[in-house]
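K.L.:
Below: one structure in structure tokens.
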Amino acid sequence: MRISPRAGERIVKVLIWAAAMLVMAVLVFIVAYILAKGLHVIDWRFLASAPSNMGRSGGISTTIIGTLMVTVTAVVIAAPLGIGTAFYLAEYTRENFVTKIIRFSAESLAGIPSIVYGLFGLIFFVVYLDMRWSVLSGGLTLALMILPTVIRTSEEAIKAVPYIYREVSFSLGATKWQTIIKAVFPSALRGIANGILLSVGRCIAETAAVILTAGSTLRMPTSLFSPTRTMAVHFYILAREGISMENAYGTAALLIILIFLINVVANTLINRFVAKSR
Amino acid sequence: MRRFKEKLSGRIFFVLALSSISALALITVFIVAKGAPIFVKVGVRDFVFGMSWAPGHGEFGIFPMIVGTLSVTLGAAVLGVPLGICCSIFLTEFAPSVLKSVFRPAIQLLAGIPSVVYGFWGLIFVVPFIRDRIGGPGLSILAGSVILAIMILPTVIMISEVSILALPRQYKQNALALGLTHWQTIRSVMLPAAKSGIVAAVILGVGRAVGETMAVIMVLGNAVALPKSILDPVRTLTTNIGIEMGYASGEHQQALFATGIVLFILIMILNSAAQFITRRK
């Protein structure tokens, strides 16, 4: 039997709508489930008190500080490297052999699984450079992991700055460096910040790479050289070893809320950015 | 002085730009250096095709894990790819603008949720469902495939969407003007034209599935054996590293790095393929 084009049209439309709604339903279900079980666990005491008895009781304050320290370290290292690379690719060179290798490396780094970053961080930072399990080892490992995201988003933001900005700046007698710092960078800033925020989200969500490089101690980290446990790792250990489902749900709910907020801020930034450059 | 500053800034940017090259080189060198001795000792063939993994007895065969990785990835692709492509068509062609502005951030949120959360959700929801309604122990290839299918959706959707949006407007307008229906236009004009981008999206999605660790560690059951059906538990290359790295030492640790080398090679092949396909245009 041949289906008439018009009937086919209708069938396909229903199928595609169904697929989209299914995906939405799954997302809503996962988020709602975790929030429903975890939201009531989150209160001031949960956020501000240290875990006790392996995390069975008490809050998650040390893991929040640990997450913060590891993430900040990663961003502070990755941001200059990534933004610098982006400026080099966008402003300082034509497409040639070197840029091809840089792009290939960045795209390959983007595809490497986090567990491989973990292995590398363990053997290079923790053992070879003798940094032990520490905030610094974890931060450096994550920095490499987020580098490609920072490069790609920054380059896109820089390329979106209208060419006329540069021409005007040059015509006023500015050098290339002055043009980049005073004309291009400020206009690309929102786009760059968007990329940095997405990277922060990835750092917060990461488990495999951090557990192998920052360790999993529950003690409060006091310096870059102390070992620590991030929230995602804490959630993983609580859930996998069945230590405390209550606290696991609370931690997971907090992670989802954080990721949600980061996405909201990142989207507002990029929407303003697009609106401005039009 | 100004000249000097100009030159210096150019050099500095160049040095910064070398960071990703050096990172990739360092990662490759250190992982290979740490894992290679086990290839020499056991032999590449016995390592890759060996059936027995017993680090305590010096037996390092990862073939069941390669089968595990391939089967879970295939399952994720079968479930996730059609769904993802449908969603990207929905976003570009069918969604009213109100829904678009909800759907896109939702997909971004899906991409941002920590993988451990997916794994946990799978453990408390998908695994019992399979055990009670379908059969087997629940911890299985099927459970892993379902979770990974959800996790690769953002990659497949976002990259396919970009490649459909990048098509020249005339393609669609001309096809519609020739009297094709909307779906005929999509199927016979737009999808073929966006093919290379969609294929790249699928390959990158598959790469994500191959590399995912923490989500599947919770739902696969992690048994080192060749699976007989999709309801059997398996262990993948990534979970092998994730489970045992915490306490491994000596040869055992080297064998885990060697597992990492195999994984690394697999991913580099997929990445290069995706890059090759998107560059060719």
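K.L.:
Can you give me the distance in nm between label points at B:Leu178 and B:Lys5, each placed 7 Å from the Cα along the Cα-to-Cβ direction?
P.N.:
The answer from the label model is 5.9 nm.
K.L.:
Once you put a point 7 Å from the Cα of B:Val48 and another 7 Å from the Cα of A:Leu224, both along the Cβ direction, what distance in nm separates them?
P.N.:
4.1
K.L.:
Using the Karplus curve 6.51 cos²θ - 1.76 cosθ + 1.60 with θ = phi - 60°, work out ³J(HN,Hα) for each residue of region A:208-217 in order, rounded to whole Hz, and write x for Gly and Pro.
P.N.:
4, 6, 7, 5, 7, 10, 9, x, 8, 6
K.L.:
Could you please state, rounded to a whole Å, how far the C-alpha centre of region B:213-281 is from the C-alpha centre of region B:122-190?
P.N.:
That distance is 24 Å.
K.L.:
Right, here's the next one. Rounded to the nearest 20 Debye, what is the dipole magnitude of region B:53-280 about its Cα centre when Lys and Arg each give +1 and Asp and Glu each give -1 at the C-beta?
P.N.:
Value, rounded to 20: 860 debye.
K.L.:
On to the next question. Could you order the peptides A:188-200, A:138-150 from most to least packed, using the average number of other C-beta atoms within 10 Å per residue?
P.N.:
A:138-150, A:188-200
K.L.:
Quick one: if you stick a label point 7 Å off each Cα along the C-beta vector at A:Thr99 and A:Phe185, how many nm between them?
P.N.:
It works out to 2.1 nm between the two label points.
K.L.:
In the protein assembly as shown, with Lys and Arg counted as +1 and Asp and Glu as -1 at Cβ, which of these residues, B:Ala143, A:Tyr163, B:Gly119, has the Cα nearest the positive end of the dipole, that is, farthest along it?
P.N.:
The residue sitting farthest along the positive end of the dipole is A:Tyr163.
K.L.:
For region A:66-82, just list the computed ³J(HN,Hα) in residue order, Karplus coefficients 6.51, -1.76 and 1.60, θ = phi - 60°, integers in Hz, with x standing in for Gly and Pro.
P.N.:
These are the phi-based 3J(HN,Hα) values: x, 4, 4, 5, 5, 5, 4, 4, 4, 5, 4, 7, 6, 4, x, 4, x Hz.
K.L.:
Given 0.36 nm per residue, what is the gain on full extension from B:Lys228 to B:Leu70 after removing their alpha carbon distance, in nm?
P.N.:
Working: separation 158, 0.36 × 158 = 56.88 nm, distance 1.37 nm.
That works out to 55.5 nm of additional length.
K.L.:
Name the residue from A:Leu129, A:Leu197, A:Asn53 whose Cα lies farthest towards the positive end of the charge dipole of the protein assembly as shown, charges +1 on Cβ of Lys and Arg and -1 on Cβ of Asp and Glu.
P.N.:
Comparing the listed Cα positions along the dipole, A:Leu197 ranks first.
K.L.:
May I pose another question? Residues of A:7-18, mean number of Cβ from any other protein chain within 10 Å of their own Cβ, rounded to a whole number?
P.N.:
Per residue, the number of nearby Cβ atoms from other chains is 4 on average.
K.L.:
Let me ask another. Counting only residues 5 or more places away or on other chains, whose amide H sits under 5 Å from the amide H of B:Val234 once H atoms are built in the peptide plane?
P.N.:
Counting only residues 5 or more places away or on other chains, the set is B:Ile141, B:Asn222, B:Ala223.
K.L.:
In peptide B:115-128, what is the residue-averaged number of other protein chain Cβ atoms found within 10 Å of each Cβ?
P.N.:
Details: counts 7, 17, 16, 1, 4, 11, 7, 1, 2, 6, 3, 0, 0, 0.
Neighbouring Cβ atoms belonging to other protein chains average 5 per residue here.
K.L.:
Relative contact order (percent) for chain B, with alpha-carbon contacts under 8 angstrom and 6 or more residues of separation?
P.N.:
Value for chain B: 27 percent.
K.L.:
So who's got an amide H within less than 5 Å of the one on B:Glu212, skipping anything under 5 residues away but keeping other chains? H placed 1.01 Å off N, in plane.
P.N.:
none
K.L.:
Follow-up question, since we're still on this one. Which residues' amide hydrogens lie under 5 Å from the amide hydrogen of B:Phe60, considering only partners 5 or more residues apart or on another chain, with H built in the peptide plane?
P.N.:
Those qualifying (amide H under 5 Å, at least 5 residues apart or on another chain) are B:Ala54.
K.L.:
Another question, then. Take the alpha-carbon centre of region B:8-71, take the same for region A:123-188, and report the distance between them in whole Å.
P.N.:
Region B:8-71 and region A:123-188 have Cα centres separated by 29 Å.
K.L.:
May I ask which residue of A:Val265, A:Thr179, A:Phe235 lies farthest towards the positive end of the charge dipole of region A:160-272, with charges of +1 (Lys, Arg) and -1 (Asp, Glu) on Cβ and the Cα centre as origin?
P.N.:
A:Thr179
K.L.:
Taking only Cα atoms and a 10 Å spring cutoff, compute GNM fluctuations for chain B and point out the largest among B:Ile159, B:Ile186, B:Ile27.
P.N.:
In this elastic network of chain B, the residue with the biggest mean-square fluctuation among B:Ile159, B:Ile186, B:Ile27 is B:Ile27.
K.L.:
Per residue of A:82-88, how many C-beta atoms from partner chains lie within 10 Å of its own C-beta, taken as a mean? Present the calculation step by step, with values, prior to reporting the outcome.
P.N.:
Numbers: counts 4, 2, 8, 9, 3, 6, 8.
The per-residue average across the peptide is 6.
K.L.:
Using unit Cβ charges (K, R positive; D, E negative) and no other charged atoms, how large, in debye to the nearest 20, is the dipole of region A:120-208 about its Cα centre?
P.N.:
200
K.L.:
Output ³J(HN,Hα) for region B:119-131: one whole-Hz value per residue in order, computed from phi by the Karplus curve 6.51 cos²θ - 1.76 cosθ + 1.60 with θ = phi - 60°, and x for Gly and Pro.
P.N.:
Running phi through 6.51 cos²θ - 1.76 cosθ + 1.60 with θ = phi - 60° gives x, 5, 4, x, 5, 8, 10, 5, 4, x, 4, 5, 4 Hz.
K.L.:
Can you give the charge dipole size of region A:151-255 about its Cα centre, rounded to the nearest 20 debye, using +1 on the beta carbon of Lys and Arg and -1 on the beta carbon of Asp and Glu? Let's see the in-between values first.
P.N.:
Details: 10 positive and 6 negative charges, 62 e Å.
The dipole of region A:151-255 has a size of about 300 debye.
Every read-out reported here was derived from the displayed coordinates using simple, explicitly stated rules and does not represent laboratory data. Being a predicted model, the structure only gives us computed values, none of them experimental. Ideal geometry is used to build each Cβ from the backbone, glycine not excepted, and the neighbour counts take in all protein chains shown.
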